[in-house]
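Q: Dumping the structure here so I can ask a few things about it.
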Amino acid sequence: MLDTTRVYSYSAVLMGSPILLKLFVSDEALASRVFRLIKHYEDLFTVNRAQSQVMDINHAAGQHPVRVSSPVYALIKCAKAASMLPNSAFNLAIGPLVKRWRIGFRGDSVPPGEDIAHLLTLTDPLQVVLNDADESVYLALPGMEIDLGAIAKGYIADRVRDYLRKEGVEQGLINLGGNVQTLGTPAGNWSIGLKKPFSQAGAMVGTLEIAHKSVVTSGVYERYFEQNGQIYHHILDPHTGYPLDNELDSVTIVSADSIDGDIWTTLMYGMGVEKACAALRARPDIEAIFVTKSKEVILSSSHHYRFTLLDNDYQLIG
Ligand code: ADP
Ligand code: MG
Ligand code: MG
């Protein structure tokens with residue numbers, strides 16, 4: 001019988017975030033293999049360095065298709081499908097706008113409107129041409145750039161879960177910073193903190209208890225800058241080229257797969273609370289927790305987790 005009172009935590013900094021792995025067995029070698037696996041995927045997907053398979057595609061925009069490895073092809077195919085949903089706020093071809101805004105990086109400021117208007121012409125997901133026969137990707141216009149920043153962590157969190165399962169791990173948690181994926185039910189359930197927006201590290205609105213689920217949070221407070229009293233955060237509206245403007249400070253998705261959490265958090269930003277809750281009625285496998293600027297915590301439903309409110313500044317609805 002596994003002792004789930006003694007936790008072994010392993011950490012690393014990867015993908016620009018602190019990464020945490022929790023196990024109930026002491027296994028340094030396994031933790032190293034997990035971190036190597038994450039690094040392997042980061043090296044394939046990143047657009048924050050000069051070279052990666054995704055950068056190879058971007059460098060060849062308007063010139064020629066690029067054959068990529070199967071994980072890269074699969075993730076781009078999934079990201080394109082999410083981008084093609086009706087009125088989708090998700091857009092894998094958002095790269096030129098992300099690069100221009102530089103939100104959360106040195107030198108971020110509001111770009112001139114004509115720059116944004118021009119860059120919007122380079123973000124049509126239909127111009128990301130996929131060829132299943134040779135797993136190649138072609139960006140049809142020069143200057144186009146794929147950005148998998150909103151979906152890569154989810155994909156990787158799921159691959160880590162699969163790897164741990166294959167290695168015989170029954171209880172484990174991986175936290176990629178925003179994406180948590182879990183195996184097993186240690187001492188009942190896993191408890192995951194829901195961050196309090198725009199507060200110091202460790203401050204929580206509440207906790208979620210889950211088992212065998214992923215929890216993904218995307219918050220406007222994660223990366224932003226302020227100019228003339230206005231906050232500009234890092235989730236952009238692909239239809240306007242400006243940060244998505246609505247009542248939300250954060251969205252959290254509880255789902256089996258973390259990649260769904262990633263896609264749906266972004267879709268939800270585009271919909272806002274009311275439309276999002278309506279859309280989720282058709283998807284009982286996906287549940288959302290909205291934290292609004294007016295300090296409400298709204299649960300679309302809570303069949304697969306238990307939420308406990310910890311901060312009395314907030315009002316729980318749902
Ligand atoms: P976090 O960085 O907090 O994990 P997300 O998972 O929502 O937040 O990812 C945000 C990142 O996704 C941005 O930094 C950018 O690289 C990319 N991005 C921004 N807007 C969009 C969008 N509308 N569709 C897809 N990707 C986006
Ligand atoms: Mg994310
Ligand atoms: Mg997201």
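Read-outs throughout are calculated quantities, based only on the coordinates presented, and are distinct from any laboratory measurement. On a predicted model such as this, the values are computed, not experimentally measured, just so you know. Note that each Cβ is placed from the backbone with ideal geometry, even for glycine, and that neighbours are counted across all protein chains shown.
Q: What does the extension gain come out to for Asp124 and Arg281, with contour length at 0.36 nm per residue minus their alpha carbon separation?
A: The Asp124-Arg281 span can extend by a further 53.6 nm.
Q: Shape of region 57-182 from its Cα gyration tensor (a ≥ b ≥ c, root eigenvalues): rounded if a/c is under 1.5, otherwise prolate when a/b > b/c, or oblate?
A: Oblate is the answer for region 57-182, as a/c is 1.5 or above yet b/c matches or exceeds a/b.
Q: Follow-up question, since we're still on this one. Rounded, prolate or oblate: pick one for the chain, where a ≥ b ≥ c are the square roots of the eigenvalues of its C-alpha gyration tensor, a/c under 1.5 means rounded, and failing that, prolate if a/b is larger than b/c, else oblate.
A: oblate
Q: Once both labels are modelled 7 Å past Cα along the beta-carbon direction, what's the Ile317-Ala50 spacing in nm?
A: 5.1 nm
Q: Also: Could you give the length gained on full extension between Thr240 and Lys99, defined as 0.36 nm per residue of separation minus the Cα-Cα distance, in nm?
A: 49.2 nm
Q: Under 16 Å Cα to Cα from Lys195, which lysines show up? Leave out anything in the same chain fewer than 8 places away.
A: Partners within reach: Lys293, Lys295.
Q: GNM, the chain, Cα, under 10 Å: largest mean-square fluctuation among Leu126, Leu21, Leu44?
A: Ranking Leu126, Leu21, Leu44 by mean-square fluctuation puts Leu126 first.
Q: Residue separation times 0.36 nm, minus the C-alpha to C-alpha distance between His40 and Phe198: what's the value?
A: 53.6 nm
Q: Now, a different point. Roughly what would the spin-label model give for Leu310 and Glu226, points 7 Å off Cα along C-beta, in nm?
A: So the label points at Leu310 and Glu226 sit 2.5 nm apart.
Q: A further question follows. Please list the non-local residues whose amide H lies under 5 Å from the amide H of Leu14, H modeled 1.01 Å from N, same-chain partners needing a gap of 5 or more.
A: Residues meeting the criterion, in which the H sits 1.01 Å from N, are Ile19.
Q: A further question on this structure: Among Ile116, Ile231, Ile103, which one moves the most in a GNM of the chain with springs linking Cα atoms closer than 10 Å?
A: Answer for the Gaussian network model of the chain: Ile231.
Q: In region 140-188, what GluC sites (Glu not before Pro) fall in a loop by DSSP, with at most 12 other Cβ atoms inside 10 Å?
A: Filter output for region 140-188: Glu167.
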